[in-house]
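What follows is a short report on a single structure.
The values are calculated or read from the model by the stated rules, or taken from the named source; none is laboratory data. No experiment lies behind these values; they were computed from the predicted model shown. For neighbour counting, all protein chains shown are included, and Cβ atoms are generated from backbone atoms with ideal geometry for every residue, glycine included. Heads up: the accessible areas ignore ligands, DNA and RNA and are worked out on the full protein's heavy atoms, side chains in. Shrake-Rupley method; radii C 1.70, N 1.55, O 1.52, S 1.80 Å.
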Amino acid sequence: VLRARRQVAGAAATPRRPWDGSTRASSYHSAVAWGPGLTPGTARLYWAGTTTRRCGGDLRVAVAWSDNAGKTWSRLRVLRSTPAWVGGMPDITVDGNPGSVGYGTVWVAYNYPLANGRGSGLRVVASADRGRTWRDIGVPRAVAPAGFPATWRFGYRIRTGPDGSAVVSWYRADLKR
């Protein structure tokens, strides 16, 4: 459980929640994953969540990490590639297989709204440098079957395979209206 730390007079605030100290607030869903730390024998905790500006709006998925089991957090990294859908439901995983070519790579999957309210798309982003920079992995939108103009994919779960690849599963609903 993450809790806000009380401010002690004259002491600097310690970010106890991933979004503390940013201009954003947590909104809706979030996920956590453990991965290898920066030095052998250590671990890093990653958090991915749907966030919004403190005054509302601009839903985006953001990521932060902690090298001390959540006592303090890195600066929030807002993934700007696409806005999140209101039910963004991000999921996060880390390649923890030391024998993998992608060892330490962090993967995030989330929903984003398609144009004209015709469904939601899958966005996958990856960080090969343990969260400092992120690369958007292009995933084509799902093609709706004839007679079903709206295709919704959501509830993503992402995990790494033994070779370092990312495997994503989801629920899909094709709607006539």
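In table form, for the structure just shown:
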{"quantity": "Pairwise label distance in nanometres, Leu175 with Ala43, each label 7 Å out on the Cα-Cβ vector", "calculated": "3.9"}
{"quantity": "Charge tally in the Cβ shell below 11 Å around Ser30, where Lys, Arg are +1 and Asp, Glu are -1, Ser30 excluded", "calculated": "0"}
{"quantity": "Separation in nanometres of the label points that stand 7 Å from Cα toward Cβ, at Asn68 and Trp34", "calculated": "1.9"}
{"quantity": "Exposure of Ser30 as accessible area (Å², to 10), given a probe of 1.4 Å and all protein chains", "calculated": "70"}
{"quantity": "Student exercise, the chain dipole from Lys, Arg, Asp, Glu Cβ charges, in Debye to nearest 20", "calculated": "620"}
{"quantity": "Accessible-area order (highest first, 1.4 angstrom probe) of the listed residues Asp91, Asp129, Asp136", "calculated": "Asp136, Asp129, Asp91"}
{"quantity": "Shape parameters for the chain, alpha-carbon atoms, Rg then Dmax in Å", "calculated": "17.4, 64"}
{"quantity": "Cα-based Kirkwood hydrodynamic radius, the range 74-177, one decimal, Å", "calculated": "14.6"}
{"quantity": "Listed residues Val101, Val78, Val125, most fluctuating in the chain (Gaussian network, C-alpha, under 10 Å)", "calculated": "Val101"}
{"quantity": "Estimated inter-spin distance, Ala146 and Ala128, nm [label 7 Å along Cα→Cβ]", "calculated": "4.3"}
{"quantity": "Gaussian network model of the chain, Cα within-10 Å springs - most flexible of Arg60, Arg157, Arg80", "calculated": "Arg80"}
{"quantity": "Between the range 98-177 and the range 55-75, the alpha-carbon center distance in angstrom", "calculated": "20"}
